[in-house]
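The values are calculated or read from the model by the stated rules, or taken from the named source; none is laboratory data. It should be emphasised that the depicted structure is a prediction, and the values quoted were computed from it without experimental measurement. Here the Cβ positions follow ideal geometry from the backbone for every residue, glycine too, while neighbour counts run over all protein chains shown.
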Amino acid sequence: MSFQKLGLIKPLLGAIGELGYKHPTTIQKRAIPLVLAKNDVFATAQTGTGKTAAFALPILQRLRNTTADENRAIRAVILSPTRELSIQIHEDVVNYSKHMSISCAILVGGKDIEYQQRSLKKGVDIVIATPGRFMEHMERGLDISNIEVFVVDEADRMLDMGFSKEIRKIHLQLPKRHQTLLFSATYSDKVRKLSKQILTKPAFIETAKKNTTVDTINQVAYLVDTDKKAALLAYLIGSRNYPQVLVFTRTKVSADALFIELQKDGLKCGIIHGDKTQANRLKTLGEFKEGKVKVLVATDIASRGLDIEELPYVINYELPSVPEDYVHRVGRTGRAGRNGEAISLIDIYEKFDIREIEKVIGMKIPQETVEGFEPDPTIRRKDQDELKLKNEHKKPDKKRAPKRSFKKTTATKTTTKKRKTTKRDPK
Ligand code: AMP
């Protein structure tokens with residue numbers, strides 16, 4: 001199937017041809033005709049499957065008849081969870097509309113709101129925004145009475161970030177006759193609930209099984225002790241000649257610590273997390289895209305917005321605290337049908353977390369060791385003593401047991417716990 005057959009107009013065909021898109025991806029094949037036919041759409045699509053073009057191309061086609069600059073009204077709003085993702089979508093929309101006279105603005109937090117207001121006055125057709133900043137503009141009198149299309153991208157992520165109220169508030173103030181498109185990488189109860197609130201007779205598109213990772217990605221987990229993770233990471237990057245790697249940590253603190261460690265190893269690194277300024281994050285991302293930075297250390301906040309062509313390796317230095325985030329992290333590689341590799345470095349504390357992830361993605365991640373970095377079998381979870389103590393204190397409280405029987409209970413409990421621990425430890 002070709003893009004022509006989907007009924008796209010010449011200026012769009014020209015633009016995507018120049019970008020090197022030859023055939024539509026599955027989500028594009030299914031969504032483009034539905035969006036052109038003005039249906040509400042609820043699509044679950046994996047990250048990296050080309051979903052931005054799936055909604056942006058037909059929206060641009062719908063809005064092709066624009067008026068003179070000063071009379072332009074906002075006719076489409078695309079909400080996305082993060083600044084980075086908004087910037088990426090904006091870049092895509094600008095690329096797709098390069099042969100059209102469509103004007104597009106980006107409204108994200110961390111930028112001067114008055115500057116944004118002035119740019120809106122020049123006349124804008126499409127707005128790409130984070131929900132909080134869009135609300136602020138609405139409160140300052142942004143005219144949304146001409147909106148024809150409302151897109152909620154990465155809906156699951158937005159709900160995780162607590163944007164549910166904002167989305168519903170914005171939706172309630174839109175003109176009655178409008179089209180809503182909801183895209184989500186994962187299919188949770190929260191997303192389903194939101195879809196019922198904001199969609200009217202939607203067409204459903206499910207291009208992948210629930211929460212599965214893209215099958216062009218090879219996934220592996222290396223068992224390693226916590227204090228050897230940084231050394232193993234540097235070893236993998238060096239010995240396997242990885243040209244570029246995106247490395248995820250769970251927290252800002254460990255991202256900072258790892259960044260320092262890798263720099264000591266002489267690796268050219270960048271770091272992005274929530275405490276970095278917008279300008280700083282963009283600069284680092286730019287350097288990574290240009291190849292000036294070999295290793296980019298990031299927390300989950302950055303995992304959604306990154307679209308780096310042909311990124312072959314993603315390494316989970318630490319597993320995410322939410323299993324669904326694993327899907328988003330590894331979705332940074334293997335994009336648009338390319339092959340990728342996702343490596344997770346897991347220590348004794350993460351052996352349980354990986355099982356949770358496997359439940360979400362519905363497949364086993366092979367666990368291996370790297371020679372010279374095998375976990376020390378004598379190491380036990382450091383928190384076992386703490387757990388034991390907690391249990392000892394909890395038990396009499398709950399059962400209000402007398403002092404003598406308390407001792408007995410404690411002994412039994414500890415034995416059971418010990419047995420469990422032994423099972424969990426590496427042999
Ligand atoms: P997305 O899922 O929208 O983030 O897209 C992932 C990547 O695939 C981006 O780099 C797009 O430019 C690229 N892409 C989207 N559609 C196609 C297509 N039909 N052919 C080739 N690449 C595409």
Selection status of L34, more than 9 Å from the ligand (Cβ to nearest atom), under 15 Å from S97 (Cβ atoms), of a type in the set (A, V, I, L, M, F, W, C) and part of a helix (DSSP H, G or I): no
Tally of residues being free of Cβ contacts under 8 Å to residues at least 12 places away in the same chain and of a type in the set (G, A, S) across the stretch 239-256: 1
The lone exception for K22 - which of (1) part of a loop (DSSP other than H, G, I, E, B); (2) near the ligand (Cβ under 7 Å from one of its atoms); (3) in contact (Cβ under 8 Å) with a residue 60 or more places away in the chain; (4) not small (G, A, S) it fails: (3)
Test: residue in the stretch 96-111 that is part of a helix (DSSP H, G or I), within 15 Å of the ligand (Cβ to nearest atom), assigned by TED's automatic domain parsing to the domain that holds R192 and more than 22 Å from the chain's Cα centre (by Cα): yes
Scan of the stretch 51-62 for residues that are crowded, with 22+ Cβ neighbours inside 10 Å and either at pLDDT below 95 or near the ligand (Cβ under 10 Å from one of its atoms) (or both), ordered by number: K51, T52, A53, A54, F55, A56, L57
Test set (1) hydrophobic (A, V, I, L, M, F, W, C); (2) at pLDDT below 90; (3) over 25 Å from I217 (Cα atoms) - V41 fails condition number: (2)
Scope the stretch 352-383; condition among the charged types (D, E, K, R), at pLDDT 85 or above and part of a helix (DSSP H, G or I); matching residues: D353, R355, E356, E358
Test for R140: is it under 22 Å from the mean Cα position of the chain (by Cα) and farther than 24 Å from Q88 by Cβ: no
Per-region count, the stretch 138-156, residues within 18 Å of I87 (Cβ to Cβ) and in contact with a strand residue (DSSP E or B) (Cβ under 6 Å, 6 or more places away or on another chain): 3
Whichever residue in the stretch 182-195 is in contact (Cβ under 8 Å) with a residue 12 or more places away in the chain and not in a loop (DSSP other than H, G, I, E, B) and, among such residues, is nearest to V327 (Cα to Cα): S184
Residue within the stretch 75-95 that is surrounded by fewer than 17 Cβ atoms within 10 Å (Cβ to Cβ) and part of a loop (DSSP other than H, G, I, E, B) present: no
K201 of a type in the set (K, R) and either modelled with pLDDT under 90 or outside the structural domain of P131 (by TED's automatic domain parsing) (or both): no
Selection from the stretch 1-19 of residues that are touching a residue at least 12 places away in the same chain (Cβ under 8 Å), crowded, with 17+ Cβ neighbours inside 10 Å and part of a helix (DSSP H, G or I): L6, P11, L12, A15, I16
